[in-house]
Amino acid sequence: MSRTSLIPWGWDDDWELELKDYPEDDPIVGRVTAVFRDQYLVRCAEREVRAEISGKLQFGAKAPPDYPCAGDWVVLKDTQGELCIIEYLIPRKNFLSRKSAGTGGQEQSLAANVDIVFIVSDFENDFNLWRIERYLALARAENIRPIVLLNKSDLAPHPEVCVKKVKEIFPDGLVYTLSAVKREGLEVIHQNLEGDRTGIFLGSSGVGKSTLLNALTGSEIQKTSPVQARDGQGVHTTSHRQIFALPQGGLIIDTPGLREIQPWKDATELAGVFEDIDLLAAQCKFGDCRHDSEPGCAVKEALGKGLLAAGRFESYLRLQRDVEALKSKQDPSMRPDTKKGRENIERAKKQNPERKKI
Ligand SMILES: Nc1nc2c(ncn2[C@@H]2O[C@H](COP(=O)(O)OP(=O)(O)OP(=O)(O)O)[C@@H](O)[C@H]2O)c(=O)[nH]1
Ligand SMILES: [Zn+2]
């Protein structure tokens, strides 16, 4: 069966190239559409199949990101049987993850191979430039194009005020207003998913992501997708389908974890989001200037002259602190629950006073 029938699922020439050196002729590929505890749903050319990973993949998997996640492209074996085997994970073009609650900053996979991050906000309760900035950072860190959607325009008397504010922090970006309930303005989502692109919605609870998804798919999305366990005993019903093909084309990934996503990666997230501050910082006298009280600080000078908004500088510092805090969680030598860790933290604080604010 030809792979052209996978085009609506996002398969293209670039993916075809990724398979060029695959050691088998005409491998069977599919896209992971749902992840359960030990099984996957994979969309292949003919149909959607249940699968588990091969012993070899299992053996080589050291951390959660080594396992397939929603949006991954995989090579399958035994597609005629009850349960297929995932033989190979095709290298991802990008990857979204988050630290899981209560596991001390362990990384949890959320989605892979995303073309567009739709950052969803409303105009009132949730409207928060700082949060939007963080989502922008997250998308850019993975080279995913961000688009801001301001939802519930039907409730906003002056939507243009918020649009203007977002454009200040996202000058060349796309910012749209829409109403999921009234189904107004949704065409921008379709337009941006043209060419069978894959999008996701990021945004706080209550901004209308489910309402949007339902409006786009034209139905109430399937909330649960029971999968029969291998032994025929238990049935997994805790998770649900995670990729939705829109009738007009394009795909939306919606996994539960995406709804609580936080910046995970590292300081590279700051790149691009605070370009104005980066440019200023490049002119500071000291290369490692912390823009605190160092002499010859171009950032402080711009602040003093009113060329850089104080609020923007605050956002910059906050994001930096978040990233640092997360790094120390990831770094076992910085664990506050060990004596050695506490000593290291104290030492770092002395060398780096900014840490005190964490
Ligand atoms: N007035 C108005 N209400 C909306 C709109 N979109 C969503 N809502 C309402 O906002 C509430 C929350 O919407 P949801 O779609 O559940 O929000 P969500 O972002 O999916 O929230 P989580 O599932 O918690 O992440 C619901 O009562 C919706 O009816 C809109 O465009 N206009
Ligand atoms: Zn400086």
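The values are calculated or read from the model by the stated rules, or taken from the named source; none is laboratory data. This structure is a prediction, so every number in the text was calculated from the model and none was measured. With ideal geometry, Cβ positions are generated from the backbone for all residues, glycine too; neighbour counts draw on all protein chains shown.
Some notes on this structure:
- Test result for Ala245, within 16 Å of ligand 2 (Cβ to nearest atom) and at pLDDT 70 or above: no
- Taking first residues from the range 195-210 that are closer than 19 Å to Leu138 by Cα and in a strand (DSSP E or B) and partners that are within 7 Å of ligand 1 (Cβ to nearest atom) and at pLDDT 90 or above, the Cβ contacts under 9 Å between residues at least 6 apart in sequence or on separate chains come to Phe201/Val120; Phe201/Leu212; Leu202/Val120.
- Only residues that are surrounded by 14 or more Cβ atoms within 10 Å (Cβ to Cβ) and either within 29 Å of the chain's Cα centre (by Cα) or farther than 21 Å from Glu133 by Cα (or both) were counted across the range 291-301, and they come to 5.
- Within the range 173-201, the set of residues being crowded, with 20+ Cβ neighbours inside 10 Å and near ligand 1 (Cβ under 9 Å from one of its atoms) comprises Leu178, Ser179, Ala180, Phe201.
- Among residues of the range 271-290, those that are in a helix (DSSP H, G or I) and either more than 8 Å from ligand 2 (Cβ to nearest atom) or loosely packed, with under 11 Cβ neighbours inside 10 Å (or both), counted: 5
- Selection status of Val163, under 28 Å from Gly249 (Cα atoms) and not in a helix (DSSP H, G or I): no
- Residue in the range 24-40 that is farther than 26 Å from Gly250 by Cβ and touching a Ser or Thr at 6+ places or on another chain (Cβ under 7 Å) present: no
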